[in-house]
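Peer 1: Below is the structure I would like to discuss, written out as structure tokens.
The values are calculated or read from the model by the stated rules, or taken from the named source; none is laboratory data. For clarity, every value in this text was computed on a predicted model and none was experimentally measured. We place every Cβ from the backbone using ideal geometry, glycine too, and count neighbours over all the protein chains shown.
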Amino acid sequence: MELSSSILLTIALAPLVGCLLAGFLGKQIGRAGAHSVTILGLLISCGLSFYVLYQITAGGAPVYNHNVYTWFEIGKYTASVGFLIDRLTAMMMVVVTFVSLLVHVYTIGYMADDDGYQRFFSYISLFTFSMLMLVMSNNFLQLFFGWEAVGLVSYLLIGFWYKRPTAIFANLKAFLVNRVGDFGFLLGIAAILYFLGTLDYATAFASAPTLVGKTLAITQHVQWDAATVICILLFIGAMGKSAQVPLHVWLPDSMEGPTPISALIHAATMVTAGIFMVARMSPLYELSDTALSFVLVIGATGALFTGLIGIVQNDIKRVVAYSTLSQLGYMTVALGVSAYAGAVFHLMTHAFFKALLFLGAGSVIIAMHHEQDMRYMGGLRKYMPITWITMWVGSLALVAVPFTSGFYSKDAIIEAVGESHRWGSGYAYFCVMAGAFVTALYTFRQMYLTFHGKERFTVVEHHGHGHHDDHDDHGHHKPGELAHAPHESPWVVTLPLVLLAIPSLLVGFFTVGPMLFGGWFGGAVHVNEVNNVLGEMGAHFEGAAGMALHGFSLFGPFGLVLLAFAIQTYIYLFNPSVADKIKSALKPIWVLLDRKYFVDDIYFAIFARGGVALGRMFWKGGDAAVIDGVLIDGSASMIQRIASGVRRLQSGYLYHYAFAMILGLILLLGGYWLIGQ
Amino acid sequence: MFNHLLSLLIWLPIAGAVPVLLAGSGRPNLARWLSLLMAILTFAVSLFLIPQYNADVGGMQLAESHVWISALNVHYSLAVDGISVALILLTTFVGILVIIGAWDVIQDNPHQYMAAMLVLEGLMIGVFCATDALLFYVFFEAMLIPMFILIGIWGGPRRVYATLKFFIYTFLGSIFMLIGLIYLYLKAGTFDLHTLATLPLTLTEQSWLFFAFLIAFAVKVPMVPVHTWLPDAHVEAPTGGSVVLAAVMLKIGGYGFLRFSLPIVPDASAQFAWLVILLSLIAVVYIGYVALVQEDMKKLVAYSSVAHMGFVTLGIFIGFMLVRQFGNTDAARLGMQGAMVQMISHGFISGAMFSCIGVLYDRMHTRMIKDYGGVINVMPWFGFFYVLFAMANCGLPGTSGFVGEFMVILASFSANPWIAFFAAFTLIIGAAYTLWLVKRVLWGDVTNSHVAEMKDINGRETLVLGAFAALVLIVGIWPEPLTHLMNSSVTQLVQLLAVHKV
């Protein structure tokens, strides 16, 4: 059955209505009203998204591609707002609305004591609307709208606790770094309009082959390949939004936002927008091996080197954040070897298990009364079993233990890189293999520090003044001192954990066949035959179970995971002092990782301080000194000087004037006489 | 009434200023209500332009013409095209909001303040209607008088320096235009703009005239390097003065390029388009950095205005490259539309930003950024509007600030990717100065006891900010009606770009 535009509009607008009601009438409808109305909006949106997915995959609905209204129409250029619903979009809609719905429910528990309760629900619904506009778009204008709108909500949510200096620093930083990406992205869109004359996806992709052989004049003698320029510019946008090196610096700081946001925006959905975008633009990327190699190298670098930082983090959320950076690198690597389906597949499985890990971390943070430092945790498994088990499920998926969802997607990526012959794939293969080891190192370390080993906190009961669940109450306590014993979180928190654990464990097993090797995405993803590494792998594919059994091979990534498991188990369960010994033995490396390769410091010095210094120079030197000082006030004072000089001539004495007249007369007559001669 | 709709629009607010003045200082409320009535009436009359002006046909419509000075063949002739209609609607709309905005803020002689505002409004509408160059010049110069009074009387402590700077700057600029107009009159025997557009001129003549016009309008826009009057004028002007200055008066510079430079000296404009484009890009990048380090909120927004107006001049003059070098008239139309939308949108956003600063200033009596901090804690509704307008100032899609810049950047790329590169830099630097301002003023904990005592916006302020917000969002979400209104006129202007006079 054909999809109707009213259904699609309802999916997109239901969260927006929820946002407006919770935002503007928050006081009137109260806390329960705010979460009811936004969750209702999400329920509608999520239910209809599942319906759309069903119609597209099983119901025989054709791809939907229609405009809703014209945004502008100038000459041959038109821009519209419209929807393109194919399998890629339908899958993204389900992932976005499903995770968002669970995060909405989870928020009821996590933000229960926060003053900004209604505002928070309003923001996350606004985010869902923006993200849906992004993935449902059928043109570059609306894509850019969604792209920037999710950036706005991210800005608002990172700075949600606006009294914290770190939060309002982080949100400004996030917005600006994203803007650097958007700068490239916008130029990429401009390049598409220039070369292809349209902002519409379908028209642009249809005429994409005409790009071959076209060049863009960078200088009079330098010509760049059109497709390469377009793809790299667009990818710069993805580097901002999907936090790829070197624009990754904003994502760890974004952990200043409340945890539900870290799960929804900074793990499951928004940061994967760049991955989605490149997959969507696959007809363009397939035209440029150079651009794909660029994508590959950037992604591989991020996959390994940001993961390494995760090993030295002590903040439970930051470990997950660096893990996200690393996993985004994996997805980008998959894009770089033309395994778009693999990237999107990993995007989906990652959305489930990473949202699970973040929400689990949030559950721990609630139990620890907003203590996030893992050095003051330990042994929590007996206090919060549901959180403990579900987080293990997420962790196993993250480290890609065979049969979990994460295994199917990550192992496919590693294998695809191995199959690829694209420039940079050797480096990438090393990075993703080493990355698998690193992932296991930080993941097991995190799990052991949090849930196992000795308790490193003490319960100090005598502080009996009742509001220990406030977000800023940890200032009253010494680190590691709790007012109450930790306890399992309420059902609104644990239910989403369980509901996310199920797909984290199972979705890969059931979907790997069709999604990766069965051409499930159909026309939504385009791969040239020579680049089709997934197709080659598909020839040897013997079903999900076979793939998993094959994955137990000790000579593959699983061997590295086991090695990491053995190391971390020894260190954190049996001999914790080893960790400190390693740390002091490898001090320079530890410092390098702890300072995040000094990238933040360098950026801050060059761009923030440098920008302000440059601005001050322009202002004081250019505007104040040259233009105003010399030209404006200078000419004013010059006129004054001339005037005061000339004024002396008008002395008012008659004999001065008489003298001047006589002098003039002599000169005049003398002049005539000279000319007469 | 429709035969003289334009005259009515010009003279209604000017005539309306008389009873407002007569109300005297003894009856301030009468003066306020009368002026509000006049402003609303003018706005209501201007709404008739929408049905009366046929946007599909385009061209100059609703023409009126009477002999004014027969000895010099000067005519009182008025007509509007789609662009003028849009700008007139902007003027009459802002006219209402500044009167509401000044309601009980202006306590000294409110009747004079309101009267000056009404006169100013009429004169600005006159500028947008005049099709006789001398009539244009008269309105153009006369406008300075009420603005001079507004800043000079109700301004801040350095108002004398600011008014003199403002007056001399703009007056000096327009003198060159007057010389140019006299030269044209001596050649053509008329000041009629339509006739002047068809007057054959050599390239040398055109070049001299081009620079005469450029100086006049560059000061008004203002373009680098003749922009330094603007920060001073804004800082000293009362809120309403700043709003009108930024929202409408700056547009007259951009409008002047359309009415004078493009039709009368097309070849010289094409030859020196690179200069205007270069100055526009300097405005975006250089002024962006200058805005970043401002310590005074009003100066920051004033510099931001200069940067944003760079897109207006860029969008207009990029058309010459596109049409003459590449024959790409559609991209030229895109750029020109972008410039026009940017003019309207900047009217909303800068007006709103200055209104926001006015709200803060009325409570704290300081414009220094360092005196604020954590305002969101005590003024959440104000914070909502402030963030909205800040985002519009950053050019966030969905707000009007995005539309024009988007179009201009797309069009520029078709001319030269490097132009688009520098223009798009506004995405970064614009966000940096705007959001850093927001961070220091709005976010954070309450920094001092004065901030703690601030009260959230009242009904009157909500009305003003809400009206601006509605327009920012409407144009941002659906710009098609606005671009349709101006489409025929823009198409005709782009045709002019290709016309060779030599």
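Peer 1: So if I check each of A:A238, A:A227, which one is more than 19 Å from the chain's Cα centre (by Cα) and outside any loop (DSSP other than H, G, I, E, B)?
Peer 2: Exactly one residue qualifies, and that residue is A:A227.
Peer 1: May I pose another question? Restricting the search to the range B:407-416, which residues are within 9 Å of another protein chain (Cβ to nearest Cβ) and buried (at least 23 other Cβ atoms within 10 Å of the Cβ)?
Peer 2: The answer is B:M407, B:I409, B:L410, B:A411, B:S412, B:F413, B:S414.
Peer 1: Working only within the range A:288-297, note down all residues that are hydrophobic (A, V, I, L, M, F, W, C) and surrounded by fewer than 24 Cβ atoms within 10 Å (Cβ to Cβ).
Peer 2: A:F294, A:V297
Peer 1: Another question, if that's okay. Taking the criterion of being at the interface with another protein chain (Cβ under 10 Å from one of its Cβ atoms), hydrophobic (A, V, I, L, M, F, W, C) and surrounded by 13 or more Cβ atoms within 10 Å (Cβ to Cβ), would at least one residue in the range A:591-602 satisfy it?
Peer 2: Looking through the range A:591-602, none of the residues is at the interface with another protein chain (Cβ under 10 Å from one of its Cβ atoms), hydrophobic (A, V, I, L, M, F, W, C) and surrounded by 13 or more Cβ atoms within 10 Å (Cβ to Cβ).
Peer 1: While we're on this one: For the condition touching a Phe, Trp or Tyr at 6+ places or on another chain (Cβ under 7 Å), more than 9 Å from chain A (Cβ to nearest Cβ) and either under 28 Å from B:V341 (Cα atoms) or in a loop (DSSP other than H, G, I, E, B) (or both), what is the one hit in B:L485, B:L496, B:L471?
Peer 2: B:L471 is the lone residue from the list that is touching a Phe, Trp or Tyr at 6+ places or on another chain (Cβ under 7 Å), more than 9 Å from chain A (Cβ to nearest Cβ) and either under 28 Å from B:V341 (Cα atoms) or in a loop (DSSP other than H, G, I, E, B) (or both).
Peer 1: Being within 25 Å of the chain's Cα centre (by Cα) and small (G, A, S) is the filter here; which residues of the range B:14-60 pass it?
Peer 2: Hits for the range B:14-60 are B:A15, B:G16, B:A17, B:S35, B:A39, B:A44, B:S46, B:A55, B:G58, B:G59.
Peer 1: Hey, does the range B:373-383 have a residue that's outside any helix (DSSP H, G or I), away from chain A (no Cβ under 14 Å) and within 23 Å of B:A431 (Cβ to Cβ)?
Peer 2: Within the range B:373-383, none of the residues are outside any helix (DSSP H, G or I), away from chain A (no Cβ under 14 Å) and within 23 Å of B:A431 (Cβ to Cβ).
Peer 1: Another question about this same structure. All but one of (1) buried (at least 20 other Cβ atoms within 10 Å of the Cβ); (2) more than 9 Å from every other protein chain (Cβ to nearest Cβ); (3) at pLDDT 95 or above hold for B:V451; state the number of the condition that does not hold.
Peer 2: (3)
Peer 1: Give me a count of the residues in the range A:176-200 that are more than 23 Å from the chain's Cα centre (by Cα) and either assigned to a helix (DSSP H, G or I) or within 10 Å of chain B (Cβ to nearest Cβ) (or both).
Peer 2: 8
So that you can scan it fast, the table gives a plain yes or no per residue for (1) under 21 Å from the mean Cα position of the chain (by Cα); (2) of a type in the set (S, T, Y); (3) buried (at least 24 other Cβ atoms within 10 Å of the Cβ):
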{"site": "A:V320", "(1), (2), (3)": "yes, no, yes"}
{"site": "A:L335", "(1), (2), (3)": "yes, no, yes"}
{"site": "A:M348", "(1), (2), (3)": "yes, no, no"}
{"site": "A:G362", "(1), (2), (3)": "yes, no, yes"}
{"site": "A:I366", "(1), (2), (3)": "no, no, no"}
{"site": "A:Q372", "(1), (2), (3)": "no, no, no"}
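Peer 1: Which pairs turn up if I take residues in the range A:589-616 that are touching a residue at least 24 places away in the same chain (Cβ under 8 Å) and farther than 14 Å from A:F305 by Cα and look for partners that are of a type in the set (A, V, I, L, M, F, W, C) and surrounded by 15 or more Cβ atoms within 10 Å (Cβ to Cβ) with beta carbon separation below 6 Å, at least 6 apart in sequence or on another chain?
Peer 2: From the range A:589-616, the pairs are A:D600/A:V249.
Peer 1: From the list A:M270, A:M255, A:M277, which one is touching a His at 6+ places or on another chain (Cβ under 8 Å) and hydrophobic (A, V, I, L, M, F, W, C)?
Peer 2: The match here is A:M255.
Peer 1: Continuing with this model, one more query. Please count how many residues of the range A:153-172 are surrounded by fewer than 22 Cβ atoms within 10 Å (Cβ to Cβ) and not hydrophobic (A, V, I, L, M, F, W, C).
Peer 2: Residues flagged as surrounded by fewer than 22 Cβ atoms within 10 Å (Cβ to Cβ) and not hydrophobic (A, V, I, L, M, F, W, C) within the range A:153-172 amount to 5.
Peer 1: Suppose we filter the range A:374-423 for residues that are surrounded by 22 or more Cβ atoms within 10 Å (Cβ to Cβ) and under 16 Å from A:L292 (Cα atoms); how many remain?
Peer 2: 4
Peer 1: When only residues in the range B:417-431 that are out of contact with any helix residue (DSSP H, G or I) (no Cβ under 6 Å at 6 or more places or on another chain) and surrounded by 17 or more Cβ atoms within 10 Å (Cβ to Cβ) count, which is farthest from B:G327 (Cα to Cα)?
Peer 2: Among those that are out of contact with any helix residue (DSSP H, G or I) (no Cβ under 6 Å at 6 or more places or on another chain) and surrounded by 17 or more Cβ atoms within 10 Å (Cβ to Cβ), it is B:G430.
Peer 1: Report yes if B:V464 is of a type in the set (V, I, T), surrounded by 23 or more Cβ atoms within 10 Å (Cβ to Cβ), facing chain A (nearest Cβ under 9 Å) and more than 30 Å from B:G58 (Cα to Cα), otherwise no.
Peer 2: So B:V464 fails the test.
Peer 1: Starting from residues that are touching a Gly at 6+ places or on another chain (Cβ under 7 Å) and within 11 Å of another protein chain (Cβ to nearest Cβ), keep the ones in the range B:335-355 and report whichever is farthest from B:L90 (Cα to Cα).
Peer 2: Top of the filtered list is B:G335.
Peer 1: Next up: Six or more apart or on different chains, Cβ under 8 Å: which pairs go from a residue in the range B:107-126 that's in contact (Cβ under 8 Å) with a residue 12 or more places away in the chain to one that's outside any helix (DSSP H, G or I) and among the basic types (K, R)? Could you list them?
Peer 2: B:H111/B:R27
Peer 1: While we're here: Of these, B:G404, B:G315, B:G395, which one is within 30 Å of B:L493 (Cα to Cα), within 13 Å of chain A (Cβ to nearest Cβ) and free of Cβ contacts under 8 Å to residues at least 40 places away in the same chain?
Peer 2: Criteria check complete, one pass: B:G395.
Peer 1: If you don't mind, there's one more thing I want to ask. Within the range B:456-466, is there a residue that is without any contact (Cβ under 8 Å) to a residue 12 or more places away in the chain and either acidic (D, E) or not in a helix (DSSP H, G or I) (or both)?
Peer 2: Checked against the condition, which is being without any contact (Cβ under 8 Å) to a residue 12 or more places away in the chain and either acidic (D, E) or not in a helix (DSSP H, G or I) (or both), the range B:456-466 yields at least one hit.
Peer 1: State whether one or more residues within the range B:125-143 are crowded, with 22+ Cβ neighbours inside 10 Å, in contact with a Pro (Cβ under 8 Å, 6 or more places away or on another chain) and assigned to a helix (DSSP H, G or I).
Peer 2: Looking through the range B:125-143, at least one residue is crowded, with 22+ Cβ neighbours inside 10 Å, in contact with a Pro (Cβ under 8 Å, 6 or more places away or on another chain) and assigned to a helix (DSSP H, G or I).
Peer 1: Right, here's the next one. Only one of A:S130, A:S122, A:S100 is within 14 Å of chain B (Cβ to nearest Cβ) and within 27 Å of A:I189 (Cβ to Cβ). Can you tell me which?
Peer 2: One residue alone meets the criteria, A:S130.
For every residue, the table says whether it meets (1) touching a helix residue (DSSP H, G or I) at 6+ places or on another chain (Cβ under 6 Å); (2) touching a residue at least 24 places away in the same chain (Cβ under 8 Å).
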site	(1), (2)
A:A483	no, yes
A:L516	yes, yes
A:V530	no, no
A:H540	no, no
